[in-house]
Each structure stands twice: as C-alpha cells, then as structure tokens.
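J.: The structure follows.
The values are calculated or read from the model by the stated rules, or taken from the named source; none is laboratory data. Quantities reported herein were computed from a predicted structural model and do not represent experimental measurements. Here the Cβ positions follow ideal geometry from the backbone for every residue, glycine too, while neighbour counts run over all protein chains shown. Side chains are part of the model used for accessible areas, which takes the heavy atoms of the whole protein and leaves out ligands, DNA and RNA. Shrake-Rupley method; radii C 1.70, N 1.55, O 1.52, S 1.80 Å.
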Amino acid sequence: MHNHFTFEAMAQQTEILIVGGGIWGLSTAYHLAKFGQKDILVLERNEALAAETTPQAAGLVGQIRSSVTMLRAVRYALELFSQFPKETSLRQTGSLMVALTPERMEAYTRQIEKANLNGIEADYVSHTEMAHLAPAMDITKIEGGYFVPNDGYVDPEQCALAYAAAAKDLGVQIRLNTLVIGFRQRNGEILGVETEEGFIASNHVVITAGPWGAALAKEVGITTAVQPIRHQRVRTGPTPGIPDNHPVVRVTDVSCYLRPEKDGYLYGYFEPEPVSIDLEAMPADFRTGDIKPPVEVMADAQKRLTPIFPILKNLDIAEYKRGITTFAPDGAYMIGPVPEIDRLYLAIGCAALGIAGSAAVGRWLAKWVIDGDPGEDLDIFSHQRFGTQAADQEWLRRESEQFYANYYGIRPE
C-alpha cells in the first residue's frame, strides 16, 4: 500500500504531452495553445530546445511543390513566419531555379504553369536578371531559369525558438533534460509516458521526435515506414559582395542548393549515393553531432557547384552541418493518429521539408488532438498507406534512399 502511495505522489499529469522539442513539437505546442487548449507539456531530452536535427537544416521555404496540400502548407508557413519577431524573421528574397539543360527548362515550364494555376507568382528570368540576383554566378554555363519572388528562408533554430517563445507566452510548459523511455497504454488507449524521473499521465500524447520517432513508436508496437538518411551542408567563410537580396539558388541538375548565411554561402546537396543511418544500432546517447563531418561529400558538392559559382573554389569551409533527415518511400510525411491506439499521434518523415512544413504540421496535429480531424484531407500522409510492405526493411531502405537521391530529379507529371 505504502509503495502505491509514493508512486501516486510522484505521478504527474497533463492534458496533452508532446515528446520532442524540435521545430515540429514546438509548432504543435504553439498551435494547440493558440486554439485555446490548456495544460500542454513539451518534453525534450536535451538540455536545449531544437538541438538535434532542427539547427542542421537549411531553412528553405519554397512553394514549388508536387502536391497542392504541400503547396498550401508552405504558403501557411510564409504567412506565419512573416509575423514572427524580427530576429527570427523570414528572409523573403525569392528562389532562383537554375537549369543547365534544355530538358530541365522543359520541366521548369511545366512547374511555372502549375505554380501560376495555383496562385503562386513564378516567371522566367533572363541571364541579365540572374546575374543581378546572384552576381557570383557564371551565367554562361546556364541554359535558363525562373524566379519565385515570394519564397525565402529562415534560420531554423531561431524559427523553432520563436515557436517556443510564442507557446510559452500562451502557457505551454517545457521540460528539458527529460528522456522518455516508454509509454503506458490500456485497452488500446494511451495513458501517458514513462520518463527516467517517473510516469507522467496524459490524455493525449504526440510524438514529434524526428529520426528518433520510429524507435519511440516501436515501444508501442508500431512499425513506421521511414528511413533516416544523412543530409549534409556547409557554410563558407565571409565573402564580400553577396547582395542583401540574394535569393536561394537551386541548381537542380546537380542536386545542389545555395543561399547566403552569416556573410558567406551555405550550400548542400542530395547525395546520389545516400548514406542511411541505423539509429537502432547506435548507442543510446548518439546525437546528431556525432556524425562525422562530411568532408568528402561536401567536396563533391563543391565540385558540382563550382562551374556555376566559381567563387566557391577559393572559399574556406567555416562550418560543417551534420543532419539526419527521414524519408518515407514516397517522400511524403507520415502524420496523424497512430492506428490501434487512441489519442496517440505521430509525426515523422520530414523528407527535408521539416522547416517549411512545420507551421502546417503543428496546425494539423493540433486540430487532430482538439477536433479529431486535421481540417483537410491528409490521406497522403497516412501511417497505413504502405500496408504490410512497411515491415520490409530492405524495400523501405532502398525506396527511401532512391527518393532522396532523386529529390531534384525530373519527375513525370
């Protein structure tokens, strides 16, 4: 009896518990509170918020998307980010899409038409205009391109902290250094989470733990069809002459992108031979920072970009960013209620669109929790969409890696 009493004294409870304080978890907390929900607790295992994959991201917010759902999602992010405080603010300098081949220009023509149909401003640009937007570019190597003026980029960490600040202002509690080690459920209902400090009871539990979400889902017997894949980028040392309004440049034919960052250039690419990361084989204390700096990989990225940006040849690397992204075989998110367990929600599979999608993901999850409905048709993100095939690890890895490698590929319309 006595033991039972001490357990009860330790037990804590909350209405909604969010596991993971990266950008998706913080956006979810903010949206829940914004919609009037009280008693929300975010648990983060690290000593700082948004300390794992969020700050390794490139923070690109681009509206050219293959599905209308994602197009609307990015439009909402642009709206929300532009209301955030100045230091976290969106740099709305546009996207410059560069083509090195006639085939790519053809694909771009289709993209422009589709964008315009969906109310997105996008138009061809002349070589002169391109040289003006990105003066370091060698335009003689370029077939053509187009410009999307309302696109932009954010500092991912500052953006996540802006969500956190807004959530705290609305009464959300955030607890750091708290590791979730399991879940408690009964008769297909979630009861709460086990942490190293004890049990926390909760009516709703939302898992937004990035690449670690799959292992957490496994704790409740759920197999998720996502593959963690390394995704790297670098920042160069200071470079004079980068204009203030320099857009994000996507050189899709070489799977690379580039934007200004801290007086230098940030660039990255989708590796043609992706490197998957088996988090379950890693030690429990494995963190994003333990990934080896991607020296050879980024030398390849530099080689791919140098014909178009000759300046990169002579710039020192000031920082290697070491990220992990998670991909489902079709490159779409996996978001929503976990099948078979009431009031447990999982959001995973950011597919290198974690920052740009964060506003919509938080809103969808908040509406799911509050109304039992995300407010729009999200079947494309269903956890069950791959059926039994999701359990085939080999298939999952192969298909997910292939989607990653062809991220900027020309897809049949």
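J.: What full-extension length gain, to one decimal in nm, is calculated for GLU113 and ARG72 as 0.36 nm per residue of separation minus the Cα-Cα distance?
T.: That works out to 13.1 nm of additional length.
J.: Rounded to a whole number of µm²/s, how large is the Stokes-Einstein D of segment 217-333 at 4 °C and 1.567 mPa s, given Rh as the Kirkwood radius over C-alpha pairs?
T.: Numbers: Rh = 15.9 Å.
After rounding, the answer is 81 µm²/s.
J.: Sticking with this structure for a sec: Indicate the gyration tensor shape class of segment 58-136 (rounded, prolate or oblate), computed on the Cα atoms with a ≥ b ≥ c the square roots of the eigenvalues: a/c under 1.5 is rounded; otherwise a/b larger than b/c is prolate and the rest oblate.
T.: Details: a/c = 2.50, a/b = 1.30, b/c = 1.92.
In terms of gyration-tensor shape, oblate.
J.: LYS34: which aspartates and glutamates have alpha carbons under 17 Å from its alpha carbon, excluding same-chain residues fewer than 8 sequence positions away?
T.: GLU15, GLU79, ASP169, ASP371, ASP373
J.: Please list the radius of gyration and Dmax for segment 1-122, considering alpha-carbon atoms only, with Å as the unit.
T.: Considering segment 1-122 through its Cα atoms, Rg and Dmax are 21.4, 77 Å.
J.: Over the Cα atoms of segment 249-304, each weighted equally, I'd like the Debye log10 I(q)/I(0) at q = 0.13, 0.20, 0.21 Å⁻¹, rounded to two decimals.
T.: For segment 249-304 at q = 0.13, 0.20, 0.21 Å⁻¹, log10 I(q)/I(0) is -0.45, -0.87, -0.91.
J.: Moving to a separate point now. How far apart, in nanometres, would the label points at LYS141 and GLU15 be if each is projected 7 angstrom from Cα along the Cα-to-Cβ direction?
T.: In this crude spin-label approximation the distance works out to 5.6 nm.
J.: Additional query: Under 16 Å between alpha carbons, and skipping anything fewer than 8 positions from LYS141 in its own chain: which aspartates and glutamates qualify?
T.: Within the straight-line cut-off, LYS141 pairs with GLU103, GLU129, ASP253.
J.: For the chain, find the longest principal axis of its Cα atoms and tell me its angle to the long axis of helix 354-371, 0 to 90°, nearest 10.
T.: 30
J.: Determine, from the Cβ-Cβ distance of TYR124 and LEU279 and an R0 of 35 Å, the FRET efficiency 1/(1 + (r/R0)^6), rounded to the nearest 0.05.
T.: Approximately 0.20, to the nearest 0.05.
J.: A further question on this structure: Angle check, please: helix 393-405 long axis (alpha carbons) against the longest principal axis of the chain (alpha carbons), in degrees 0 to 90, nearest 10.
T.: Relative to the chain, helix 393-405 is tipped by roughly 40 degrees.
J.: Turning to a different aspect of this structure: Sorted from largest down, what three extents in whole angstroms do the Cα atoms of segment 300-413 have along their principal axes?
T.: Its Cα atoms span 56, 31, 29 Å along the three principal axes.
J.: Which percent of the accessible heavy-atom area of segment 214-268 goes to carbon and sulfur, probe 1.4 angstrom?
T.: Carbon with sulfur: 46 percent of the solvent-accessible area.
J.: Sort all Cα-Cα distances of the chain into consecutive 10 angstrom bins from zero, then give the percent of pairs in each bin up to the one containing the longest distance.
T.: Bin by bin from 0 Å, the calculated values are 5, 22, 32, 25, 12, 4, 1, 0, 0.
J.: Semi-axes of the equivalent ellipsoid for segment 141-210, please: Cα gyration tensor eigenvalues, times 5, square-rooted, ordered largest first, whole Å. Write out the running numbers ahead of the final one.
T.: Numbers: eigenvalues 314, 60, 31 Å².
Ellipsoid semi-axes (Å, largest first): 40, 17, 12.
J.: Distance cut-off 19 Å, Cα to Cα: go down the list LYS292/LYS321; LYS38/LYS218; LYS38/LYS168 and report the pairs above it.
T.: LYS38/LYS218
J.: Within segment 268-300, whose backbone N sits under 17 Å from a point 7 Å along Cα→Cβ of THR306?
T.: Counting backbone N atoms under 17 Å from the label point, the list is 268-269, 295-300.
J.: Contour minus end-to-end for GLU296 and GLU194, with contour as 0.36 nm per residue of separation and end-to-end as the Cα-Cα distance?
T.: The GLU296-GLU194 span can extend by a further 32.6 nm.
J.: Between 0 and 90 degrees, rounded to the nearest ten: what's the tilt of helix 295-305 against the longest Cα principal axis of the chain?
T.: 40
J.: Could you state the accessible area per residue of the chain in Å², with a 1.4 Å probe and every protein chain left in place?
T.: About 43 Å² of surface per residue is accessible.
J.: Here is a further query. Given the -39500 (n - 2.57) contribution per DSSP H run of 4+ residues, what per-residue ellipticity at 222 nm results for the chain, rounded to the nearest 500 deg cm²/dmol?
T.: It lands at -9000 deg cm²/dmol.
J.: Also: In the calculated pair distance distribution of segment 84-214, what percentage of Cα-Cα distances lie above 20 Å?
T.: Value for segment 84-214: 67 percent of Cα pairs lie more than 20 Å apart.
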